[in-house]
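Asks: Let me give you the structure first, and then I'll get to my questions.
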Amino acid sequence: MSVSLRADLALIGFGNVAQRFVSLIEECRERLACEYALECRIVGAATRRKGVLFDSRGLDRSRLMGPWAAASSPMSGALQLIDELRGSDADLRVVVETTTLDIAAGRPAIDHVRAGLSAGCHVITANKGPVAFAYAALRDQARAAGVQFLFEGAVMDGVPVFNLVREALPAATVSGFRGVVNSTTNHVLTALERGEPFEAAVARMQAEGIAEADPSLDLDGWDAAAKTAALANVLLGANLTPHSVRRTGIQPSDGERARQVRAEGRRLKLVASASRTGSGVVAAVVEPRVLEGSDLLASLDGKANALVLQTDVLGEIAICQLEGSLTHTAYALLSDLVTLRRREVPLAAPVRRIP
């Protein structure tokens, strides 16, 4: 019989992803209890705009969507919430970090993660910044504190990239990777091939909540560069930041090129790649590339993403995501939560499978 555990969750950031995560927790409550012997409670949240909300008895979605108490500053609000979580008697105390990416230095997300780990809390995040700017330091801090730092949602939403390598590829070494990892740019390039205007394709991604109100992080290649740095740091043992990645984005003038190569049976894609050089240095690049039609990455349309890992014993392994959405990213947080539960007290056996 598996031991039932309670997880108290504190949300740092309460945007679209965090709101969908809260809903997903409610939708999966019975499954989490029956299959993983896990009870989850949202006990608090902190954001830059709304301030801080905390209740040790738990908060439902309606209260989270209502008014909060103002904090003196965004960082003080996050620290206040983490301090409240520190006092919880739950089996798992978890900081859930979902603030937006800061491409300059990864802050304040890095500071939120460090504060959570220092308080003896596990931290899960969908923010690329901490992994892209400070992975090794945060990994070592988590190990020293005896807690977990997990980030499956940082790349390709809920598709298991980091978990795949960590859990399913023992005794294998990843030597490099290449992929299409930004949904907005892949959608725009697909639309340009059809003769659609650049601006209209970007606006569609904004309307769906995939691209930000300021889409320059996607279009200029910064989002892909952050994901590339995160992947290189974790899978290749690199010490990169997004600024270490050679980067070229896409622009309206790429439309003519995209249509021309498509007529030739090839495709123009924004490709992220990294590999270890002969001297042991990891070189990383994000740039538009013309791919042969037979290339797996050339087959990706619309919001589809894919990552090809180069390994020593299994050759190339491809991971594909045909769709991306807020639910996929929220699921990555849920997946990390289940991973925490499995590591805390291993399950003797599934309690009950729900059809």
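Asks: Could you name the lysines in cross-link range of K50, using Cα to Cα under 26 Å and dropping any fewer than eight places away on the same chain?
Replies: List returned: K128.
Asks: When all alpha-carbon pairs of the stretch 170-323 are counted, what percent fall beyond 24 Å? Mind showing how you got there, number by number?
Replies: On the way: 3740 of 11781 pairs.
Tail of P(r) above 24 Å: 32 percent of Cα pairs.
Asks: Most exposed first by the Cβ proxy, i.e. fewest other Cβ within 10 Å, how do M156, M75, M205 rank? Before the final figure, lay out the partial values.
Replies: Details: M156 27, M75 16, M205 22.
Fewest to most other Cβ atoms nearby, the residues stand as M75, M205, M156.
Asks: Shifting gears a bit: Label 7 Å along Cα→Cβ of A203; the stretch 255-275 residues with amide nitrogen under 20 Å?
Replies: Once the point is set 7 Å along Cα→Cβ of A203, 255-256 turn out to lie under 20 Å by backbone N, inside the stretch 255-275.
Asks: Measure nothing but the geometry: give the 0 to 90° angle between the long axis through the Cα atoms of 183-193 and the longest principal axis through the Cα atoms of the chain, rounded to 10°.
Replies: Relative to the chain, helix 183-193 is tipped by roughly 30 degrees.
Asks: The chain: longest stretch without exposed trypsin sites (Lys or Arg not before Pro) (DSSP loop, at most 13 other Cβ within 10 Å), sites themselves excluded?
Replies: Details: sites that count: R49, R57, R194, R352, R353.
Between exposed loop sites, the widest span is 195-351.
Asks: May I pose another question? Express in whole angstrom the spacing between the alpha-carbon centres of the stretch 200-240 and the stretch 51-100.
Replies: If we compute the Cα centre of each part, the gap is 28 Å.
Asks: Enumerate the aspartates and glutamates that K303 could reach by cross-link, defined here as Cα to Cα under 16 Å, with residues fewer than 8 away along the same chain left out.
Replies: Hits, sequence-local ones excluded: D157, E193, E196, E208, E212, D218, D223, E323.
Asks: Moving to a separate point now. What angle do you read, to the nearest 10 degrees and between 0 and 90, between the alpha-carbon axis of helix 198-207 and the longest principal axis of the chain?
Replies: Approximately 10 degrees, to the nearest ten.
Asks: Using only DSSP helix segments of four residues or longer, with each worth -39500 (n - 2.57), what per-residue ellipticity at 222 nm results for the chain after dividing by its residue count and rounding to 500? Don't skip to the answer; put the middle values down first.
Replies: On the way: 13 runs with 140 residues, N = 355.
One gets -12000 deg cm²/dmol as the mean residue ellipticity at 222 nm.
Asks: Got a sec? Charge dipole of the chain, +1 on Cβ for Lys and Arg, -1 for Asp and Glu; which of A18, I42, T248 is way out at the positive end?
Replies: Projecting each Cα onto the dipole axis, the largest value belongs to I42.
Asks: Mind sorting D83, D254 by how few other Cβ atoms lie within 10 Å of their own Cβ, fewest first? List each step's numbers first, then the result.
Replies: Values: D83 13, D254 18.
Sorted ascending by nearby Cβ count, the order is D83, D254.
Asks: Compute the length gained on full extension between R107 and E212: take 0.36 nm times their separation in residues and subtract their Cα-Cα distance, giving the result in nm to one decimal.
Replies: Working: separation 105, 0.36 × 105 = 37.80 nm, distance 1.81 nm.
Gain on extension, R107 to E212, equals 36.0 nm.
Asks: Turning to a different aspect of this structure: Taking Cα atoms, how many degrees apart are the long axis of helix 16-27 and the longest axis of the chain, rounded to 10 and kept between 0 and 90?
Replies: Approximately 60 degrees, to the nearest ten.
Asks: Set the Förster radius R0 to 35 Å, insert the Cβ-Cβ distance between D301 and R6 as r into 1/(1 + (r/R0)^6), and round the FRET efficiency to 0.05. Don't skip to the answer; put the middle values down first.
Replies: Values: r = 43 Å, r/R0 = 1.24.
After rounding to 0.05, the efficiency reads 0.20.
Asks: With a cut-off of at most 16 other beta carbons within 10 Å, and DSSP calling the residue loop, which chymotrypsin sites (Phe, Trp or Tyr not before Pro) in the stretch 36-104 qualify? Please list them.
Replies: none
Asks: Here's something else I'd like to know. For the stretch 313-326, what does the Karplus curve 6.51 cos²θ - 1.76 cosθ + 1.60, with θ = phi - 60°, yield as ³J(HN,Hα) per residue in whole Hz, taken in order and with x for Gly and Pro?
Replies: Using θ = phi - 60°, the values come out as 9, 10, x, 8, 10, 10, 10, 10, 10, 7, 9, x, 7, 4 Hz.
Asks: Please give the FRET efficiency for R61 paired with A171, using the beta carbon to beta carbon distance and R0 = 41 Å, rounded to the nearest 0.05.
Replies: That pair, R61 with A171, gives E of 0.40.
Coordinate-derived values only; no laboratory data. Predicted model only: the values in this text are computed from it and were never measured. Don't worry about glycine lacking a Cβ; one is built from the backbone with ideal geometry, like all the others, and counts go over all protein chains shown.
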